[in-house]
1. So what's the net charge close to GLY203: Lys and Arg +1, Asp and Glu -1, counting the other residues with Cβ under 15 Å from its Cβ?
2. Based on other C-beta atoms within 10 Å, arrange THR597, THR434 from fewest to most.
3. Among GLU367, GLU145, rank each residue by its count of other Cβ atoms within 10 Å, from fewest to most, as a rough exposure measure.
4. Quick one: which residues, 5+ away or cross-chain, put their amide H under 5 Å from the amide H of PHE445? H built at 1.01 Å from N.
5. Order 312-323, 514-525 from most to least packed using the mean count of other Cβ atoms within 10 Å.
6. Amide H of THR434: which non-local residues (sequence gap of 5 or more, or other chain) have their own amide H closer than 5 Å, using H built in the peptide plane?
7. Kindly write out, for region 295-306 in residue order, the coupling ³J(HN,Hα) from the Karplus curve 6.51 cos²θ - 1.76 cosθ + 1.60 (θ = phi - 60°), rounded to whole Hz, with x marking Gly and Pro.
8. Run the quick spin-label model on VAL311 and SER80: label points 7 Å from Cα toward the beta carbon, then report their separation in nm to one decimal.
Amino acid sequence: MAFLPKAEKITRPRSAAPAEPSRGAAERATLEEEKLYREGVVTLRDLMAPAAFNIESGFVQLGTTFVRTVFVVTYPRYISIGWSSPIVNLSLTLDIAMFFYPVKSAVILKQLKKKVGALEAQINADTEKGAPRDPLRETALRDIEQLRDNLTQGVEHFFQFAFYVTLYAPSKEKLDELSQDIESIFGSKLITSRKVLFQSEQGFTSTLPLGIDELMIAFNMNSSPIAASFPFIYADLTSDNGILYGINRHNNSLILFDRFSLQNANMVVFATAGAGKSYAVKLEIMRTLMLGTDVIVIDPEMEYKYLAEAVGGTYVSISLSSESKVNPFDLPRPVGLEASVGNILRGAIITVKGLLRIMLGGLTTVEDALIDRALREVYAKKDITPEADLKTVTPPIMQDLQEVLEGMEGSEELVLKLSKYTTGTFAGLFNSPTNVDIANQLVVFSVRDLEDELRPLAIYAIVNYIWNVVRSERKKRLLIIDEAWWLMQHEDSAKFIHALVKRCRKYYLGVTTITQDVNDFLKSQYGQTIVTNSALQLLMKQSPAAIDLVQKVFLLTDSEKYLLLESGVGEGIFFAGPKHAAIKVLASYTEDQIVTTNPQQLLEIEAAKREFAREHGG
C-alpha cells in the first residue's frame, strides 16, 4: 500500500489539476482507516467460521468435522411419494439441497418429437426384419407420448432437478460409513448416487443456505415425480384400529394406534414426577378395556384404586397383614402350552432361586448349589416331577423350603436367613398359598403398604404369578408395571423382567414399564434391552440430568431434546415402530375425573362425594 501514492504520481497526466493529488490521498487515507477499523470488528461470519478449512479430493474438513456431499445421478422409471423420507428422517446431522431449473415446454416438445421419431423408426425396422418385439422401446415410446400430451395440455411442466445430501462426521472412517449407508438407502429405491470427487468444496457450498448450485448435476424430470421428491413428510400415527393416545402436535391429527399390530405390544414410558405419565397410562387402560383387552396393573402408590372401582375391576392389596397372598412357588397350568412339564419346572426353580437371591442378600457358590438341590427336593415332596400333571398338584410354600434346608448339611445360615420370611417379621408375605382371584378384566395389585425393602420382592413375586397365569391361557392382555425402576435395582429381577419382555409376544401379552428414575433404568444393560424390545415408547418431560442419556438411547435430535425439556404436563414424544411424533395427551371430562392424580383435584372430588352423600342421606 505504501507504493500506491508513488504509482499514482508517475501515471498522473501532466495536465491534471493541482487539487487532485490531495483529494485522492484523502480518499485513500479514509479507506485505509476504515479497513483498519473493520479488521478489528468481529462479525457473525467470524463466529460461524471454523477454526480451519481443509479441502481434499473426496471430502472437506471443517475443524475436526469431516464433510462429504452425495448427489443423485439417475432415477428409476417410477418413484414413490416421499421416497426421500428415509434420508430426511435419519437421526444424523445432514444438509439436503434441491435445485429446480425450469425448461420451456417448446424446447422439450421438440426434443421429444425427435425421440419419438427415432423410436418408431427402430420399432418399424425390427418389425420389417421379423425381429421379436422390444418391450423396453415400446414402453419408452408410450411414456414419451404420454409426456408430450401432458406438456401440450399444460398438465405437466418440465425441469432439470438436482438433489444433493451433505453428511457430517467426526472422523474419516465414520464419514465413509455414513456415505455407504446413504448410497445403500438410495440403491434400495433403485436410485443411482455418487460421492463427490474433486468437487468436495463445490458440493459443500451447494448445500449451504445460499441458493448456489456449484455442482450442476441435474436430471430431466417432469412435475409429478418432482412433487413426489419433496421431503415435507410428517409422522402420521393414525390407523383404522386401536385407541386414541392423544393429539399430534405437528398437525393436530389424532394419534390412533393398536399396539398389538406392531412386532410386539410392549411399551416404555419415561417422565419426571408430575409430567403426566400415570395419567396417560390410565387413559390407555380405560380405552383398552372398551376393546375387550384384559389389563393387569402393579401399583406402588395406590394411584389406580379409583380407576379399578370406577370400571368394576379387582383391587388386590399385598402387604404383611393383608389377606391376599401370592405364592412364589406357583406353577403355570399347561393349558395349550407347547412346553413340557420338565421345562416348566426348571424355569420355576430358576425364577424362585432369583427371588431367594434377592431375599437373602446374594448367594455364594455353595449356597447356590444347596438352594438348587433344596428347590428340586421341595417340589418333589409335593409330587411335582417332570412326569406330574400340573392341573392337580399343590405347589409348596416357603415353610416347605425351610424344612428341606434344615435337613441338609451346611445350610444353617440359609435357614437362619430364611426364618425371617417364615416365622419372623416378614412371615406374612410369601409363606401362604396363593388366594388371589384375577378373573376380572382389570386387576390392580397394590404394594403401597409394603416397606421399601420388601417392594422389589413383592413385585417380583407378583410378576412371576402373572406370568404363570399368562402362560396358562393365551388371551389379549396388558401388564402395567409402574415405577419399574424398583425391579432394575437387582440383577435377578432386572433379568427376569428382561426375559418377560422378550417372550411375552408369544402369549399375546404387552408389557408397559413406567419409570421416573430414567438414569438408573437406562444405565442397566437390561433396561436398554427392554427399550429395544418395546415397539411403543412414550417420552414426556425429562429432567436436565437425564436428557443427554435419553437423547443418546432414543436417537433424538437437538430439537426433540429441547422439546422434552420444555414440555408441559401431558406433552411429549410418542414412538410407534419407526414413526414418532410430538403428542398432547387429552381426556374427556369424565375420563379426567377418573384418572386424575392431581392432589387438589382429588380433594375436590372427595369433597363433592361427601356433599352428594350428605344431600342424599348416604
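What follows is calculated from the coordinates using simple rules that are stated; it is not laboratory data. Just so it is clear, the structure is predicted and the values come from calculations on it, not from any experiment. As a convention, Cβ positions derive from the backbone with ideal geometry for all residues, glycine included, and neighbour counts pool all protein chains shown.
1. Values: positive: ARG68, ARG194, LYS195; negative: GLU56, ASP95, GLU183, GLU201, ASP213, GLU214.
Net charge in that neighbourhood comes out at -3.
2. On the way: THR597 16, THR434 19.
Fewest to most other Cβ atoms nearby, the residues stand as THR597, THR434.
3. Values: GLU367 18, GLU145 13.
Arranged by neighbour count, lowest to highest, GLU367, GLU145 become GLU145, GLU367.
4. Counting only residues 5 or more places away or on other chains, the set is VAL297, ILE298, ASP299, VAL316.
5. Numbers: 312-323: 16.6, 514-525: 19.2.
Answer by packing, highest mean first, reads 514-525, 312-323.
6. Sorted by chain and number, the residues that satisfy this are ASN327.
7. 10, 10, 10, 9, 10, x, 10, 6, 8, 10, 5, 5
8. Inter-label distance under the simple model: 3.6 nm.
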